[in-house]
Ligand SMILES: Cc1cc2nc3c(=O)[nH]c(=O)nc-3n(C[C@H](O)[C@H](O)[C@H](O)COP(=O)(O)O)c2cc1C
């Protein structure tokens, strides 16, 4: 059992929903979960006193990859994140009809790798409406929870 931080950026509520489902599973497993919209979070909190840090973001843009708008400044600031050797897992919502499916999560992966984080699971990428992917989300969260 551990202390887990989940930070998400979400415009229409899809990634927020996924974050809430993940948080619920991890809490039920006995962890202390802090769930934050990225608008209420600072980069200095990442990994700080947490056994696991989860980051969730949706992808926007069309011709090029754009991060969900609230997450974009946070992402730019992440070069200062102290994530060396910290356990991290990533998730996000997108739509595979776009050229770069969940491109923001893929870019985020590169960033946390560069920071020396220990990415514990393959990122969870949700295609379309997350409410129909509930069991996939729960299974992923259970797997992630086993690494805490
Ligand atoms: C204008 C627009 C651009 C989008 N661009 C992408 C994209 O490049 N890649 C992708 O995977 N999804 C793309 N999407 C789909 C969103 O990421 C998807 O609707 C997601 O569920 C939104 O999550 P949120 O409510 O958490 O922000 C786009 C959606 C819109 C409306």
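Hey, can you tell me all the residues within the stretch 1-47 that are assigned to a helix (DSSP H, G or I) and over 13 Å from the mean Cα position of the chain (by Cα)?
Start the filter on the stretch 1-47 by keeping residues that are assigned to a helix (DSSP H, G or I), which leaves 14-28, 38-40, 43-45.
Once the filter is applied, which keeps residues that are assigned to a helix (DSSP H, G or I) and over 13 Å from the mean Cα position of the chain (by Cα), the stretch 1-47 yields 24, 25, 26, 27, 28, 39, 40, 43, 44, 45.
Condition (residue is in contact (Cβ under 8 Å) with a residue 12 or more places away in the chain, part of a loop (DSSP other than H, G, I, E, B) and more than 14 Å from the ligand (Cβ to nearest atom)) applied to the stretch 69-81: is it met by at least one residue?
yes
Output yes when any residue across the stretch 119-127 is more than 15 Å from residue 23 (Cα to Cα), in contact (Cβ under 8 Å) with a residue 40 or more places away in the chain and not in a strand (DSSP E or B), and no when none is.
yes
With 98, 50 as the choices, which residue is under 25 Å from residue 132 (Cα atoms) and in a loop (DSSP other than H, G, I, E, B)? Talk me through it step by step, then tell me what you get.
Working: 50 fails: under 25 Å from residue 132 (Cα atoms).
Checking each option against the conditions leaves just 98.
Residue by residue through the stretch 30-48, note down the ones that are away from the ligand (no atom under 16 Å from the Cβ) and closer than 25 Å to residue 146 by Cβ.
Across the stretch 30-48, the qualifying residues are 30, 31, 32, 33, 34, 45, 46, 47, 48.
Determine the pairs where a residue that is farther than 22 Å from residue 14 by Cβ, located within the stretch 25-42, has a partner that is modelled with pLDDT of 95 or more and assigned to a strand (DSSP E or B) with Cβ atoms under 9 Å apart, the partner being 6 or more residues away or on another chain.
Matching pairs, first to second residue: 31/3; 31/4; 31/52; 32/3; 32/4.
Being touching a residue at least 24 places away in the same chain (Cβ under 8 Å), within 14 Å of the ligand (Cβ to nearest atom) and over 12 Å from the mean Cα position of the chain (by Cα) narrows it down to one of 95, 51, so name that one. Step through it out loud before you land on a result.
Details: 51 fails: within 14 Å of the ligand (Cβ to nearest atom).
Going through 95, 51 in turn, the sole match is 95.
Within the stretch 11-28, is even one residue within 19 Å of residue 115 (Cβ to Cβ) and away from the ligand (no atom under 16 Å from the Cβ)?
Step one: list which residues in the stretch 11-28 are within 19 Å of residue 115 (Cβ to Cβ), which gives none.
Checking the stretch 11-28: not a single residue is within 19 Å of residue 115 (Cβ to Cβ) and away from the ligand (no atom under 16 Å from the Cβ).
Quick one: would you say residue 56 is within 13 Å of the ligand (Cβ to nearest atom) and under 20 Å from residue 116 (Cα atoms)?
Working: within 13 Å of the ligand (Cβ to nearest atom): yes; under 20 Å from residue 116 (Cα atoms): yes.
It is true that residue 56 is within 13 Å of the ligand (Cβ to nearest atom) and under 20 Å from residue 116 (Cα atoms).
The values are calculated or read from the model by the stated rules, or taken from the named source; none is laboratory data. Given the structure is predicted, the values throughout are model-derived calculations rather than measurements. So basically every Cβ, Gly included, is an ideal-geometry build from the backbone, and we count neighbours across all protein chains shown.
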